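I have placed the structure first, in the form of structure tokens, so that the comments after it can refer back to it.
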Amino acid sequence: MEVWDALRTRLTVRQFKPEPVPDEIVTKLLQVGLWSPSSRNRQPWHFIVIRDRETLRKIGGITTYGPFLADAPIAIAIGMDKRTADRPDLDSGRALQQMEVLAWSEGMGTCFVAFHEPDQNRAAKDIIGMPDHIELITIMPFGYRHDHVKGIRRRRKDLSEVAHSERFGNAYVE
Ligand SMILES: Cc1cc2nc3c(=O)[nH]c(=O)nc-3n(C[C@H](O)[C@H](O)[C@H](O)COP(=O)(O)O)c2cc1C
């Protein structure tokens, strides 16, 4: 799939086919995460591959916004080393976006799952043994997507609402 087509068609996926994700695809997901840029090339990320059904079930049970994690074939937790990360949100966002686009191009999908509440974040970190100096950003479920991604259509603002020419407020497009 061309980059343009992957970016144009990608949607968040919250329901997955039960078929397993091959090891080589998991390795590719990790590889594109590692290839992504980071502030001062610090590469402060850690990726934890989670396949164990009981672990996935437990994590799905503690998130408010990601119970579907429990049914994903695999998930990848993304943690950032607080000791070296200059811009943990930006760096992790770039890595996970590369994974998300690759997954889409492979016929799969994912969804950013947030662990906003401190007690949920702590509980998720405990389950996967993530130490204190690593910030848990998200645990992304991955799996093959159904033909029709359920419930969602691409909803975006009009480009004219967000694109400016030279100075804020000058319309780039009418
Ligand atoms: C930082 C961030 C946090 C998100 N957190 C969640 C979440 O916890 N649960 C969820 O179901 N979707 C989550 N999403 C997915 C968004 O709801 C989704 O990307 C948005 O509705 C646009 O839909 P699309 O990705 O299909 O275009 C998150 C997305 C981002 C970028």
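Brief remarks follow.
- Stokes-Einstein D (µm²/s) once Rh is taken as the Kirkwood radius of region 3-171 over alpha-carbon pairs, at 25 °C in 0.890 mPa s: 145 µm²/s
- For the chain, the longest principal axis of the alpha carbon atoms and the long axis of helix 88-105 meet at an angle near 90°.
- The angle between the Cα long axis of helix 118-128 and the main principal axis of the chain comes to about 60°, on a 0 to 90 degree scale.
- Gain on full extension, evaluated as 0.36 nm per residue between Gln15 and Ser39 minus their Cα-Cα distance, stands at 5.3 nm.
- Between Tyr65 and Arg167, full extension at 0.36 nm per residue minus the direct alpha carbon distance yields a gain of 33.0 nm.
- Ranked Thr84, Thr64, criterion: other C-beta atoms within 10 Å, fewest first: Thr64, Thr84
- Listing Tyr144, Tyr172, Tyr65 from fewest to most neighbouring C-beta atoms within 10 Å gives Tyr172, Tyr65, Tyr144.
- Potential lengthening of the chain between Lys28 and Met1 amounts to 8.2 nm, from the contour at 0.36 nm per residue minus the alpha-carbon distance.
- Distance (nanometres) between label positions extended 7 Å along Cα→Cβ at Asp158 and Thr55: 4.8 nm
- Helix 23-35 axis, angle to the chain major axis (alpha carbon atoms, nearest 10°): 50 degrees
- CD proxy at 222 nm, helix term only [per DSSP H run n ≥ 4: -39500 (n - 2.57); per residue of the chain; nearest 500]: -11000 deg cm²/dmol
All of the numbers you see were taken from the coordinates with simple rules; none came from a lab. The structure displayed is predicted, hence computed values, not measured ones. A quick note on method: Cβ atoms are made from the backbone with ideal geometry, for glycine too, and the neighbour counts reach across all protein chains shown.
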